[in-house]
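Accompanying notes for the structure given below.
The values are calculated or read from the model by the stated rules, or taken from the named source; none is laboratory data. These numbers come from a predicted model, not from an experiment. A quick note on method: Cβ atoms are made from the backbone with ideal geometry, for glycine too, and the neighbour counts reach across all protein chains shown. In case anyone asks, the SASA skips ligands and DNA or RNA and just uses the protein heavy atoms, side chains included. Shrake-Rupley method; radii C 1.70, N 1.55, O 1.52, S 1.80 Å.
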Amino acid sequence: FNTAIMLITHDLGVVATVCDRVMVMYAGRVIESGPVGDIFHNPQHPYTKALLESIPKAGHRSADGKLPTIQGIVPSLFELPKGCRFQDRCKFKEQKCVDVEPELIGHDFPERPVRCHFPLNQKVDLTTGATG
């Protein structure tokens, strides 16, 4: 019918079942988007990866018996950090993440943008081209 439906949810199981494309948001910003299968199997933003890792899996328990979580808390929308909004919770934070908010930039394909200076599985700083 050449129509689209926008579904806003925190339920990634529903997203996996009924959606073709997904936009992941954090603190009011799109941080990654693309085809559902690509996002679920190859997340490029640390938040997306942490979000997917926090989904409980039947038959899998951590050593302490607790559900996986993302450490820290979401920043207040009234007091957002200067750089990346995920910086205080990110395992991969570098000084650039504190100083400069990353742009939403396509890397492998234009239909798969990510808002991160150092996307996962990438060895290039997208804003400068430096490898690291």
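Protein heavy-atom accessible surface, 1.4 Å probe, per residue over the chain: 69 Å². Result for the chain in a Gaussian network model with C-alpha springs under 10 Å: among Q71, Q87, Q44, the largest mean-square fluctuation is at Q71. Comparing P68, P119, P102 in a Gaussian network model of the chain, where Cα atoms under 10 Å apart are tied by springs, the biggest mean-square fluctuation is seen for P68. For Rg and Dmax of the Cα atoms in Å, the value calculated from this model appears in [x] 17.9, 59; [y] 14.4, 42; [z] 15.7, 50 under label [z]. Put a dot 7 Å past the Cα of H60, heading toward its Cβ, do the same for R21, and the two dots end up 2.9 nm apart.
For M6 and E103 in one chain, what is 0.36 nm times their gap in residues minus the Cα-Cα distance, to one decimal in nm? Please report the intermediate quantities before stating the final value.
Working: separation 97, 0.36 × 97 = 34.92 nm, distance 2.34 nm.
Answer, rounded to one decimal: 32.6 nm.
Counting lysine pairs in the stretch 50-93 whose alpha carbons fall under 24 angstrom apart, excluding pairs fewer than 8 residues apart on the same chain, gives 5.
For the chain, calculate the relative contact order in percent as a whole number, restricting contacts to Cα pairs under 8 Å that are 6 or more residues apart. It would help to have the intermediate numbers written out before the result.
Details: 160 pairs, mean separation 27.9, N = 132.
Relative contact order here is 21 percent.
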